[in-house]
Structures are given as structure tokens and as C-alpha cells.
Amino acid sequence: MVSERYIKKIILVLLAMVSVLLSLFILTPFGQEIMFKSRDKIELLLSINKEDWAKAGSMGYRLYIWPIYLKKSLEEPFSGTGLGRRVQKRVLSETNKKALSLEHAHNIFLNIALQAGWHTALLFLIFYLVILKKAYGLIKGPNSRPYYTGLFIFLIAFFIMSLFEGMEEGVRFTPFWIVSGLIWGFNLKEREKALLENR
């Protein structure tokens with residue numbers, strides 16, 4: 001069996017390698033273009049004029065379209081367009097034109113609300129929070145393992161990413177379901193182990 005100390009060393013080495021590679025990438029002209037020059041125009045992003053957000057860049061686009069899609073989702077809060085981005089795109093063609101033709105809300109909860117109603121988005125959020133609580137219980141439990149921490153960090157990262165991108169479509173959702181299943185299974189295993197130890 002691999003020791004936790006060995007796993008921690010591997011993780012530290014991988015983090016160091018990624019940091020060095022990222023630093024080298026930023027030093028190249030292409031890296032600077034991607035990481036700095038093509039980012040949002042901060043002065044437009046901080047404007048109180050909503051129209052400026054549409055010109056600010058990636059984050060600005062999102063700030064501009066979220067109210068449009070939110071308003072649309074509240075028109076029919078319990079029905080939605082039907083599942084799938086393709087269906088959403090076809091049904092909301094007029095809304096998409098108002099929303100800079102970006103074709104979806106770039107937010108997982110808003111996309112789910114648009115496709116299946118707010119009750120579905122709320123149920124998904126509750127499920128997410130339950131999984132997050134189980135993952136936290138694993139890392140705070142007496143038998144904590146490094147991969148429990150990795151699963152918890154993945155959930156946090158996926159949640160943050162999902163607030164700015166529609167991750168509900170296709171295979172992009174698969175890692176979330178795999179990690180959710182692992183957390184549920186490990187949580188059950190740890191509870192059974194605790195019950196056996198207490199007998």
C-alpha cells in the first residue's frame with residue numbers, strides 16, 4: 001500500500017512542475033497574449049453602464065447576458081425549453097440574439113433553470129451541497145485520505161467553474177457524476193467502518 005507521505009510528495013512535485021511550466025508559458029509572447037492581453041477591459045467592466053459590459057470581454061459578456069436569461073427563465077419558471085443546449089438554442093432564438101448570440105447563459109444553474117425549470121435547478125443545487133457536505137465530512141473524518149481532499153477540491157473547482165460556464169452539456173458533466181459517486185461510496189464505506197469499530 002502506498003503511504004500518505006509518498007502521495008503528498010508526488011502532489012507537491014506535480015504542483016511544482018505545473019508552476020514552473022505556467023511561469024515559462026507566461027514568459028512567451030503567446031502566453032502573455034492568452035493570460036493578460038486578451039482579458040477583460042477592466043475600465044469597461046467596472047462601469048455602471050450595462051452596455052459597456054457587452055464590450056468589456058469574457059466576464060463582461062456574462063454580466064451582460066445573465067439578467068437577460070434570468071428574466072427569460074422567470075417567465076416560465078416551472079417548464080423550461082426542454083433538455084439539451086440544442087433545444088434551448090432553438091427555442092430561445094430571439095433571447096439569444098439579445099444576449100450577444102452567445103447561445104446559452106454561461107452558468108450551469110441558469111442553464112438548468114432555462115431547460116428544466118427553477119425547481120430542477122434548485123434540486124441540483126441541493127444535491128451539490130449534500131455531496132459537498134459529504135466530501136467535507138470525509139476530509140474531517142478520522143480516516144481522512146489525500147484523495148478525499150482531492151475530491152473535495154475538485155468539487156469546489158467544478159462549482160466555481162460552473163458559475164461561469166454551462167457544464168451541464170455532454171461529457172463535461174461526467175467528471176462531476178463520477179466524483180459524486182466516489183464521494184457517496186467512500187462516505188458509506190467510512191460510516192460502515194465506524195459502526196464496526198463502535199461495536
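The values are calculated or read from the model by the stated rules, or taken from the named source; none is laboratory data. This structure is a prediction, so every number in the text was calculated from the model and none was measured. FYI the Cβ positions are ideal-geometry reconstructions off the backbone, even for glycines, and counts take in every protein chain you see. We work out accessible area using only protein heavy atoms, side chains counted, and drop any ligands, DNA or RNA first. Shrake-Rupley method; radii C 1.70, N 1.55, O 1.52, S 1.80 Å.
Summary of values
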item: Average accessible area per residue (Å²) across the range 121-168 - probe 1.4 Å, nucleic acids and ligands excluded; result: 52 Å²
item: Tyr147 paired with Trp66, simple spin-label distance in nm, labels 7 Å along Cα-to-beta-carbon; result: 3.6 nm
item: Sites Glu51 and His119 - FRET efficiency at Förster radius 35 Å, r taken between beta-carbons, to 0.05; result: 0.55
item: Surface share of carbon and sulfur [accessible, 1.4 angstrom probe, percent] for the range 90-199; result: 69 percent
item: FRET efficiency for Leu22 and Ile160, using Cβ-Cβ distance with R0 set to 22 Å, rounded to 0.05; result: 0.75
item: FRET efficiency, 1/(1 + (r/R0)^6) with R0 22 Å, evaluated for Arg172 and Arg90 via beta carbons; result: 0.60
